[in-house]
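Student: Before I ask anything, let me first share the structure, which is written out below as structure tokens.
Nothing in this text is a laboratory measurement; each read-out follows from the coordinates by a stated rule. All of these numbers come straight from a predicted model, not from anything done at the bench. A quick note on method: Cβ atoms are made from the backbone with ideal geometry, for glycine too, and the neighbour counts reach across all protein chains shown.
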Amino acid sequence: MKLVRALAIFLAACYGALTLAPAARAQAYVVNLDPAQTKITFSLDTTLHDVHGTFQLKSGQIHFDSATGKASGAVIVDARSGDTENKSRDKKMHQEILESPKYPEIVFTPQQVRGSFDPQKASQVDVAGTFRIHGQDHAVTMTFAAQPVSPAQLHCDTHFTIPYVKWGMKDASTFLLHANDTVELEIHATAQVAPEQPTR
């Protein structure tokens, strides 16, 4: 009986290890943003009206471990793609404020993910990292809301404020028009999500 009992315990332990192993492996994920299905918009409040514009995503890949929170990768935006549908205003934005010919990319580098993430359920996570714009790095935390579209696809949304004047860029105000010193940025993206493949 002792031998049978020991064998049963051994088999149960092996079964438990096999069923828990996929979940453990699934704690590490890679998320790839689709530039063609990503919309980046910004708005600036002025005394006359709100200025609205768009940017284009160049690429985006985030690696993270939901157990440890450690993250890496990069989300790269084409600074030169900034467009408010006003040529003179866009010229000033690119030449005097963003200086996009000199600083052609806006890059977010994730470092830490906080919050519960499940690719099969609606999730909300805080992603802390470095936001590089106008040649300077700034520590930021973005809150992402993720909604599954399919087993391997997510829709992600985030909104945050950029204090562009505080971050060293020229104030957009003119003699006749006062502009806010912050810009509101929104990202709406479709992404592919998959378990991280272990490195060999």
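Student: Return the distance in nm (one decimal) between the two label points of a simple spin-label model at Thr68 and Gln37, each offset 7 Å from Cα along Cα→Cβ.
Tutor: Taking the two extended label points, one gets 3.0 nm.
Student: Another question about this same structure. Using modelled backbone amide H atoms (1.01 Å from N, in-plane), which distant-in-sequence or interchain residues come within less than 5 Å of Ser173's amide H?
Tutor: Ala179
Student: Just to verify a number: FRET efficiency for His138 and Asp118, C-beta to C-beta distance, R0 = 35 Å, to 0.05?
Tutor: My answer for the efficiency is 0.70.
Student: Using 22 Å as the Cα-Cα cut-off, could you pick out the over-long pairs in Lys87/Lys166; Lys92/Lys166; Lys91/Lys170; Lys58/Lys121?
Tutor: Check vs 22 Å cut-off fails for Lys87/Lys166; Lys58/Lys121.
Student: Hey, another quick one. Any idea which of Phe55, His94, Ser43 is furthest toward the positive side of the dipole for the chain, if Lys and Arg beta-carbons carry +1 and Asp and Glu beta-carbons -1?
Tutor: Checked the options; the winner is Phe55.
Student: Now for a different question. Once you sort the root eigenvalues of the Cα gyration tensor of the range 45-153 as a ≥ b ≥ c, which label holds: rounded (a/c under 1.5), prolate (a/b larger than b/c) or oblate (the other case)?
Tutor: prolate
Student: With springs only between Cα atoms under 10 Å apart, run a GNM on the chain and tell me which of Glu99, Glu184, Glu85 wobbles the most.
Tutor: Glu85
Student: Would you kindly derive the ³J(HN,Hα) couplings of the range 75-81 from the backbone phi angles with the Karplus curve 6.51 cos²θ - 1.76 cosθ + 1.60 (θ = phi - 60°), listing them in order in whole Hz, with x for Gly and Pro?
Tutor: 10, 10, 10, 7, 5, 6, 7
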